[in-house]
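Q: I have a structure here, written as structure tokens, and I will follow up with some questions on it.
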Amino acid sequence: MKTVYRILTLILLIPTIFILFMLGGVSLMEGYNIFDPYIDTEFGENYTPKKFDLINKDFSKEDVLKTVGQPLFIHKDTVTSETQFTYTNDGYLRRKSNRNYDIGDFAWYRSSVYFDSLGKIVRIDKGWSYD
């Protein structure tokens, strides 16, 4: 009787482990990596999330540059006259890998500061993106 239970356990256990393994892989697509949260985030040269957290709406463009450093991208919107300093970017894991196969996509941390035409901060955008 014990042998029958062992065989049934193996028959049920192996497919269950396989299904859970596959579901685990699917759930990590564009998921938050608990072991390396910033695994798929490209940072500006001197950027750190702690430095970015120091920024407040009273900062000027110069204050932001002194605190966080040069952004990865500067975008000027001609319609709204806003200037966006973007300090982080998606897809770092794929670009830094020299593998020829798809290694997956993880959540990334976005950090941007928006200035009006006078150089005053209009909006500070930061947080996790699952796109």
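Q: Contact list please: Cβ distance under 7 Å, first residue in segment 80-104 and modelled with pLDDT under 90, second residue β-branched (V, I, T) and open to solvent by less than 80 Å² (accessible area, probe 1.4 Å), pairs at least six apart or on different chains.
A: If the second residue must be β-branched (V, I, T) and open to solvent by less than 80 Å² (accessible area, probe 1.4 Å), the pairs left are Y92/T41; L93/I39; L93/I103; R94/I103; S97/I103.
Q: When you check F59 against the structure, is it open to solvent by 60 Å² or more (accessible area, probe 1.4 Å), more than 15 Å from W128 (Cβ to Cβ), aromatic (F, W, Y) and modelled with pLDDT of 95 or more, yes or no?
A: It is false that F59 is open to solvent by 60 Å² or more (accessible area, probe 1.4 Å), more than 15 Å from W128 (Cβ to Cβ), aromatic (F, W, Y) and modelled with pLDDT of 95 or more.
Q: Same structure, new question: Restricting to segment 20-54, count the residues that are touching a helix residue (DSSP H, G or I) at 6+ places or on another chain (Cβ under 7 Å), of a type in the set (A, V, I, L, M) and at pLDDT below 90.
A: Residues flagged as touching a helix residue (DSSP H, G or I) at 6+ places or on another chain (Cβ under 7 Å), of a type in the set (A, V, I, L, M) and at pLDDT below 90 within segment 20-54 amount to 1.
Q: Name the residues in segment 72-87 that are buried (at least 17 other Cβ atoms within 10 Å of the Cβ) and either touching a Pro at 6+ places or on another chain (Cβ under 9 Å) or over 24 Å from K50 (Cβ atoms) (or both), would you?
A: Of everything in segment 72-87, those that are buried (at least 17 other Cβ atoms within 10 Å of the Cβ) and either touching a Pro at 6+ places or on another chain (Cβ under 9 Å) or over 24 Å from K50 (Cβ atoms) (or both) turn out to be Q84, F85, T86, Y87.
The values are calculated or read from the model by the stated rules, or taken from the named source; none is laboratory data. None of the values given here were measured: they were computed from a predicted structure. Neighbour counts run over all protein chains shown; Cβ positions are idealised from the backbone, glycine included. Heads up: the accessible areas ignore ligands, DNA and RNA and are worked out on the full protein's heavy atoms, side chains in. Shrake-Rupley method; radii C 1.70, N 1.55, O 1.52, S 1.80 Å.
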